[in-house]
Amino acid sequence: MSEDGDMDQIVESSNGKELAISDASSDIEPCVGMEFESEEAAKVFYDAYATHVGFIMRVDAFRRSMRDGKVVWRRLVCNKEGFRKLRPRRSENRKPRAVTREGCKAMIVVKKEKAGKWAVTRFVKEHNHPLVPTPANGRRTVLLSQTPDEKDIKIRELTAELQRERKRSAAYQEQLDMVLRDMEEHSNHLSRNIDDIVQSVKEIESRR
C-alpha cells in the first residue's frame with residue numbers, strides 16, 4: 001500500500017516482477033474500504049497478510065469492464081477454498097492426490113473505483129482449517145498464487161520446460177534462417193553463372 005514507507009521485504013508477482021512490501025504491512029488486517037493503488041498492490045498486500053497469518057493466497061474470480069474489457073473486480077481467496085471435483089481413477093495402482101480444497105470461505109474482494117484506485121468491498125477473515133503462521137525472521141520471497149499441491153508444482157515444471165523449448169526453438173529458427181540465406185545466395189550465384197554461360201553461348205553462336 002502507498003501509506004507504508006519502510007520497504008524491507010520482497011514479493012515476486014505473478015508476472016515475475018519483484019515488488020517491495022514492509023514486514024509491518026503484513027501485520028495489518030484487511031478491512032472494507034481499504035484502498036490500493038492497483039490490483040497488483042492488492043494482491044501483494046493480501047499475499048503478505050496470508051503468509052503472515054498462515055495460509056496461501058489464490059487469485060480467484062474476476063470481472064471485466066463491458067466498456068474496455070479491463071479487469072475491474074477481483075476475488076482473492078484461501079487456497080483451500082472450494083472443493084476439488086472427484087474424478088474416476090485411471091488405475092487402481094495410482095496414488096490418490098492429497099486433499100487441498102476444504103471449502104474455506106476466507107477471502108477479500110477488491111473493486112476498481114472511478115478514481116482509479118482499488119478498494120476492498122468484502123473481507124471474510126475466518127478459516128475452517130488450521131493456520132501455520134510464517135515467522136518474521138528477515139527477507140523472504142513469495143510467489144503469488146503459488147499452491148503446494150502436485151498440480152501447481154507440475155504447472156511450474158511445465159512452464160519452465162516451455163520456456164526452455166522456446167529458447168531452443170528460437171535457436172533452431174536462427175540456424176534455419178542462416179541456412180536459407182546461404183541457399184538463397186548459392187541459388188543467386190548459380191543463376192548468375194547460368195546467365196553467364198547462356199550469354200557466352202549466344203556470343204559464340206553470333207560469331208559463326
Open item on the list: Distance cut-off 19 Å, Cα to Cα: go down the list Lys80/Lys125; Lys80/Lys117; Lys43/Lys111; Lys43/Lys125 and report the pairs above it.
Closed with: Lys80/Lys117
TODO: Can you figure out the FRET efficiency of Glu157 with Ser187, using R₀ = 45 Å and their beta-carbon distance, to the nearest 0.05?
DONE: 0.55
TODO: Kindly report, to the nearest 10 Å², the accessible surface of Ile56 as traced by a 1.4 Å probe over protein heavy atoms only.
DONE: 60
Open item on the list: For the ranges 181-193, 120-132, 38-50, what's the packing order if you count other beta-carbon atoms within 10 Å of each residue, average per peptide, and put the highest first?
Closed with: 38-50, 120-132, 181-193
Task: Distance in nm between pseudo-label sites at Glu29 and Arg166 (7 Å out along the Cβ direction from Cα) - done: 4.2
Open item on the list: If DNA, RNA and ligands are ignored and the probe is 1.4 Å, what is the ranking of Phe55, Phe83, Phe62 by accessible area, most exposed first?
Closed with: Phe83, Phe62, Phe55
Task: In order through segment 59-65: 3J(HN,Hα) via Karplus (6.51 cos²θ - 1.76 cosθ + 1.60), integer Hz, x for Gly, Pro - done: 6, 10, 5, 8, 10, 10, 6
Open item on the list: Around Lys70, under 15 Å between beta carbons, what's the net of Lys plus Arg minus Asp minus Glu among the other residues?
Closed with: +4
Task: Solvent-accessible surface ranking, highest first, for Arg67, Arg75 at 1.4 angstrom - done: Arg67, Arg75
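The values are calculated or read from the model by the stated rules, or taken from the named source; none is laboratory data. From a predicted model like this one, the values you see are computed outputs, not experimental measurements. Neighbour counts are summed over all protein chains in view; Cβ atoms, including those assigned to glycine, are modelled from backbone coordinates with ideal geometry. Surface areas here come from the heavy atoms of the whole protein model, side chains and all, with no ligands, DNA or RNA. Shrake-Rupley method; radii C 1.70, N 1.55, O 1.52, S 1.80 Å.
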